[in-house]
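Worksheet: one structure, shown below.
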Amino acid sequence: MEAVSHIPVLRDAVLEGLAVRADGLYVDGTFGRGGHSRAILERLGPEGRLLAMDRDPEAAAAAADLADDPRFAFEPAPFSTMAATLCRRFPGRPVDGVFLDLGVSSPQLDTPERGFSFQHDGPLDMRMDPTCGESAADWLARADETEIADVIYRYGEERHSRRIARAIVEARREAPITRTGELAELVSRAVPRREPGKHPATRSFQALRIFVNQELAELEQWLATIPDVLAPGARLVVISFHSLEDRMVKQALRKPVADVRLPRGLPVMPEEPERKLRPVGKPIHADRDEQRRNPRSRSAVLRIGERL
Ligand SMILES: C[S@@+](CC[C@H](N)C(=O)[O-])C[C@H]1O[C@@H](n2cnc3c(N)ncnc32)[C@H](O)[C@@H]1O
């Protein structure tokens, strides 16, 4: 497969947000091609450790060139399992920082065989881990029209989701939809009005990808379990690429962990529920220069949290 480069988004802000210490333990839950991981490793001394994770077997292959570095370990698994993985691999060692760069990597998007892109024709797959779960094509072949419309509406925030779902169901009566090119064309025909500068299939492809990979459930599970393995003062840094993810991260950094509800009228002062995280600074966006050099950074929002 053709080698395609990946430019790490907001690299310096990630390092600053993690406040990398030379002897700390850090986790990169979305290794990709390792742009951020390599930058973290540059800051670590001999006692520092970096655990990287990714559920894409191609990311695991890309991590092989770091295998000789004794400070580096790779776990080919979804980041929802990060807390458990840390307990197994580094029992009793407090974690100083965790990082996620969400979504798909440029190599995933730019490799037609992975089936993520409406710009290159390929098999309609979209799985980050193609060895497990159902491909987008298989799901579109069996889901009912309402389910398809709901997914496209909820995860793509697509106003024309019902028309698109109808067009998909009509088309599959003739033949199964198996190619990204076919789906992109079908969606383009179904969408009545185009958003300037945006391919009409952008939202539908994003929605299917999020659904096929259960991306929001992964993030939810991670946000619920990771605070418990962080050392006091440890940093959590997340780069999101759309509002659904960013909202989840923002809320997790603000909300008290235990939602204590007392019966109404009870003469007891409720205790402050325990908060585990606090937001650090404001959300960070790529500057104009980075946006020009790396168009993928345009929709990136980086948030930093600290373990209380
Ligand atoms: C935007 S890329 C990361 C790029 C990386 N920071 C770099 O500099 O090369 C996102 C990566 O996260 C992986 N990924 C997405 N969701 C995941 C999940 N729930 N668990 C593990 N890996 C995931 C994808 O397979 C992809 O390789």
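Suppose we keep only residues that are without any contact (Cβ under 8 Å) to a residue 60 or more places away in the chain and of a type in the set (Asp, Glu) within the stretch 190-241. Which one would you say is farthest from the ligand (Cβ to nearest atom)?
Only one residue tops the list, namely 195.
Which one of these does residue 234 not meet: (1) assigned to a strand (DSSP E or B); (2) modelled with pLDDT under 95?
Tallying (1) assigned to a strand (DSSP E or B); (2) modelled with pLDDT under 95, residue 234 fails exactly one: (2).
Name every residue in the stretch 27-51 that is within 9 Å of the ligand (Cβ to nearest atom) and farther than 23 Å from residue 113 by Cβ, in order of residue number.
Start the filter on the stretch 27-51 by keeping residues that are within 9 Å of the ligand (Cβ to nearest atom), which leaves 28-39.
Across the stretch 27-51, the qualifying residues are 28, 29, 36, 37, 38, 39.
So, of the residues in the stretch 46-60 that are free of Cβ contacts under 8 Å to residues at least 60 places away in the same chain and open to solvent by less than 10 Å² (accessible area, probe 1.4 Å), which turns out to be farthest from residue 102 (Cα to Cα)?
Among residues in the stretch 46-60 that are free of Cβ contacts under 8 Å to residues at least 60 places away in the same chain and open to solvent by less than 10 Å² (accessible area, probe 1.4 Å), the one farthest from residue 102 (Cα to Cα) is 48.
If you take the residues of the stretch 150-168 that are among the acidic types (Asp, Glu) and closer than 17 Å to residue 243 by Cβ, which of them is most open to solvent (accessible area, probe 1.4 Å)? Walk me through how you get there before you give the answer.
First, pick out the residues of the stretch 150-168 that are among the acidic types (Asp, Glu): 150, 157-158.
When the remaining residues are screened for being closer than 17 Å to residue 243 by Cβ, the result is 157-158.
Values: 157: 81, 158: 10 Å².
Only one residue tops the list, namely 157.
Being of a type in the set (S, T, N, Q), in a loop (DSSP other than H, G, I, E, B) and within 16 Å of the ligand (Cβ to nearest atom) narrows it down to one of 117, 80, so name that one. Break it down stepwise before answering.
Numbers: 80 fails: in a loop (DSSP other than H, G, I, E, B).
Result of the check over 117, 80: 117.
Kindly evaluate residue 68 against the criterion of being of a type outside the set (A, V, I, L, M) and within 12 Å of the ligand (Cβ to nearest atom). Steps first, answer last, please.
Values: of a type outside the set (A, V, I, L, M): yes; within 12 Å of the ligand (Cβ to nearest atom): no.
No.
Among the charged types (D, E, K, R), without any contact (Cβ under 8 Å) to a residue 40 or more places away in the chain, surrounded by 16 or more Cβ atoms within 10 Å (Cβ to Cβ) and not assigned by TED's automatic domain parsing to the domain that holds residue 297: does that describe residue 142? Don't jump to the end; show me each part of the working.
Numbers: among the charged types (D, E, K, R): yes; without any contact (Cβ under 8 Å) to a residue 40 or more places away in the chain: yes; surrounded by 16 or more Cβ atoms within 10 Å (Cβ to Cβ): no; not assigned by TED's automatic domain parsing to the domain that holds residue 297: yes.
When the stated conditions are applied, residue 142 does not pass them.
Checking the conditions here, which among 138, 150, 125 is of a type in the set (D, E, K, R) and either within 16 Å of the ligand (Cβ to nearest atom) or assigned to a loop (DSSP other than H, G, I, E, B) (or both)? First the steps, then the outcome.
Numbers: 138 fails: either within 16 Å of the ligand (Cβ to nearest atom) or assigned to a loop (DSSP other than H, G, I, E, B) (or both); 150 fails: either within 16 Å of the ligand (Cβ to nearest atom) or assigned to a loop (DSSP other than H, G, I, E, B) (or both).
The match here is 125.
Is there any pair linking a residue in the stretch 13-35 that is within 19 Å of residue 280 (Cβ to Cβ) to one that is more than 13 Å from the ligand (Cβ to nearest atom) and in a helix (DSSP H, G or I), with Cβ under 8 Å and at least six apart or on different chains, and which?
If the second residue must be more than 13 Å from the ligand (Cβ to nearest atom) and in a helix (DSSP H, G or I), the pairs left are 15/43; 20/43; 27/86.
The rows are residues; the columns are (1) of a type in the set (Ser, Thr, Tyr); (2) under 22 Å from the mean Cα position of the chain (by Cα); (3) in a strand (DSSP E or B).
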{"site": "33", "(1), (2), (3)": "no, yes, no"}
{"site": "37", "(1), (2), (3)": "yes, yes, no"}
{"site": "65", "(1), (2), (3)": "no, no, no"}
{"site": "69", "(1), (2), (3)": "no, no, no"}
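Of the residues that make up the stretch 72-83, is at least one open to solvent by 60 Å² or more (accessible area, probe 1.4 Å) and under 26 Å from residue 209 (Cβ atoms)?
Within the stretch 72-83 (the criterion being open to solvent by 60 Å² or more (accessible area, probe 1.4 Å) and under 26 Å from residue 209 (Cβ atoms)), the answer is yes, since at least one residue qualifies.
Check whether at least one residue in the stretch 188-197 is outside any helix (DSSP H, G or I) and crowded, with 18+ Cβ neighbours inside 10 Å, and report yes or no.
Here is the first cut: in the stretch 188-197, the residues outside any helix (DSSP H, G or I) are 191-197.
Restricting the remaining residues to those that are crowded, with 18+ Cβ neighbours inside 10 Å gives 191.
So far as the stretch 188-197 goes, yes, one or more of its residues are outside any helix (DSSP H, G or I) and crowded, with 18+ Cβ neighbours inside 10 Å.
The values are calculated or read from the model by the stated rules, or taken from the named source; none is laboratory data. Here the structure is a predicted model, which means the values were calculated and not measured. Neighbour counts run over all protein chains shown; Cβ positions are idealised from the backbone, glycine included. For accessibility, only protein heavy atoms count, side chains too; no ligands or nucleic acids. Shrake-Rupley method; radii C 1.70, N 1.55, O 1.52, S 1.80 Å.
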